[in-house]
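Undergrad: Below you'll find the structure I mean.
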Amino acid sequence: MGSGSKAARRSDGEGSIQQIGSQFRGRLTLTEEQQSLLGRKQNRFFGPVMKSRREAIPAARLKLNRLLESAKRESAASPSFTTLARKSLDARLAKGLSPTTASLYEIILRTRIVDDPIGDLPLDQINAEVVQAWINRQTGVTSTVQRAASFLMSTLKSLGVKDLDVAVPRDREQTIVVLSPAEQDGLLALPMPPEVRMAALLGLRLGLRRGEMCGLRHEDRDDDGVSIERSLAQVRGQLIIKPPKSARGYRWLPLPPELEAQIGPPLTGYVLADDLEGEDRPLSPLALQARWKKALKDTPFSHITLHDLRGSYGMLLLERGADLRTVSELTGHDPAILARIYARSRRDLKREAIRRAFNMDEGAAKGSSVSRGT
């Protein structure tokens, strides 16, 4: 069966004619808006087969117009949850939602709702079972899933869907391994790549979060300190620059002697740079974590995480007499959270406290029945 085509121009758009044997059909090019309305991934639209070449394009246009009108009526009657969620987000932004939060919600909407089956459902088909199934499909760390679920639930509430009985993943109790000063020296004495050693110093001497380490630039130095102004995160393979975790995350930190010559002018760019590209490209948090694990593998510190360094920093400040408010400002933590997570004495300090309180010798203190939690 032979086929051929001949371009034909019309005042309302472009089209071509495809010959199928002795018959013809028109082919039109859809706009992005038409593709979205019809739910089509390709921009080609074929009309019905006609006996006359002259009738092919008008017939295709007539069929397309009918489908578009039908899709518009259906969309107006039962818009998808994606459409409603986007309108809800726009309304919240107009009412004063911060641009930073709106940007985060836009990422959640684009990556976790638009690409998910729940995004195509009309609102009247979304119930607790559907929402729970959506939550169960989410991947990532617990806090990320919680944030996405919070956005979904608040959006549904703004649309009139309330009192959904669903289970959102809960935080596991956070256990921080606190390194003593001697253990910190032992860790820093290990052979490790320069970027891993720098990460260790940023955690132990500045108490930075992993994302803050990756977002730190040499230009952030100011005289004898650095300003923490940004954090890096990886969302489904996309590296994004975002503000610190909270308002308290914006802070100024004095530089310890070990870092004075390694951060700031004349150096420029990211402190933890990914030099594989030969550009001013930051090392991603996931890449840093992988290199950290590789460097500490088969060492006595293989169980230590980057976040443990931050915990050790906060704990050491408290042990050396710093008050909660000062430590809160240096770590960017809420004082209540700081007291709950970090303010736990090391085991050797507990033994020393018992020994002094009851005039015990060192051996008796070690054998006492003091709680052995960290």
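Yes/no matrix, rows are residues, columns are (1) of a type outside the set (S, T, N, Q); (2) in contact (Cβ under 8 Å) with a residue 24 or more places away in the chain; (3) touching a Pro at 6+ places or on another chain (Cβ under 7 Å); (4) under 20 Å from Glu260 (Cβ atoms):
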residue: Val141; (1), (2), (3), (4): yes, no, no, no
residue: Val161; (1), (2), (3), (4): yes, yes, no, no
residue: Leu164; (1), (2), (3), (4): yes, yes, no, no
residue: Ala167; (1), (2), (3), (4): yes, yes, no, no
residue: Arg197; (1), (2), (3), (4): yes, no, no, yes
residue: Gly203; (1), (2), (3), (4): yes, yes, no, yes
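Undergrad: Scan the stretch 33-60 residue by residue and report those that are surrounded by fewer than 13 Cβ atoms within 10 Å (Cβ to Cβ) and of a type in the set (Asp, Glu).
TA: Glu33, the sole residue that qualifies.
Undergrad: Could I ask something else about it? Being closer than 24 Å to Val327 by Cβ, surrounded by 13 or more Cβ atoms within 10 Å (Cβ to Cβ) and either at pLDDT below 85 or not aromatic (Phe, Trp, Tyr) (or both), is that true of even one residue in the stretch 155-175? Quick ask: steps written out before the conclusion?
TA: Residues of the stretch 155-175 closer than 24 Å to Val327 by Cβ: 171-175.
Those still in the list that are surrounded by 13 or more Cβ atoms within 10 Å (Cβ to Cβ) too: none.
Looking for residues that are closer than 24 Å to Val327 by Cβ, surrounded by 13 or more Cβ atoms within 10 Å (Cβ to Cβ) and either at pLDDT below 85 or not aromatic (Phe, Trp, Tyr) (or both), one finds none in the stretch 155-175, hence no.
Undergrad: A further question follows. For the stretch 221-247, name all the residues that are surrounded by 13 or more Cβ atoms within 10 Å (Cβ to Cβ), hydrophobic (A, V, I, L, M, F, W, C), under 16 Å from Gly332 (Cα atoms) and at pLDDT below 90.
TA: Listed by number, the list is empty, since nothing qualifies.
Undergrad: To continue, here is another question. Say whether the condition of being at pLDDT 90 or above and exposed (fewer than 14 other Cβ atoms within 10 Å of the Cβ) is met by at least one residue in the stretch 338-358.
TA: From the stretch 338-358, those at pLDDT 90 or above are none; that's our starting set.
Checking the stretch 338-358: not a single residue is at pLDDT 90 or above and exposed (fewer than 14 other Cβ atoms within 10 Å of the Cβ).
Undergrad: Which of the residues that make up the stretch 182-212 are of a type in the set (A, V, I, L, M, F, W, C), in a helix (DSSP H, G or I) and touching a Ser or Thr at 6+ places or on another chain (Cβ under 9 Å)?
TA: Keep residues of the stretch 182-212 that are of a type in the set (A, V, I, L, M, F, W, C), which gives 182, 187-190, 192, 196, 198-202, 204, 206, 208.
This time we only want the ones that are in a helix (DSSP H, G or I), so: 182, 187-188, 196, 198-202, 204, 206.
Once the filter is applied, which keeps residues that are of a type in the set (A, V, I, L, M, F, W, C), in a helix (DSSP H, G or I) and touching a Ser or Thr at 6+ places or on another chain (Cβ under 9 Å), the stretch 182-212 yields Leu187, Leu204.
Undergrad: Counting only residues that are under 19 Å from Ser98 (Cα atoms) and without any contact (Cβ under 8 Å) to a residue 40 or more places away in the chain, how many does the stretch 225-249 have?
TA: 5
Undergrad: Checking Leu179 against (1) in a loop (DSSP other than H, G, I, E, B); (2) without any contact (Cβ under 8 Å) to a residue 40 or more places away in the chain; (3) more than 26 Å from the chain's Cα centre (by Cα): exactly one of these is not met. Which one?
TA: (2)
The values are calculated or read from the model by the stated rules, or taken from the named source; none is laboratory data. Only a predicted model underlies this, so the values are computations on that prediction, with no experimental measurement involved. Here Cβ is always computed from backbone atoms with ideal geometry, including for glycine, and neighbour counts include all displayed protein chains.
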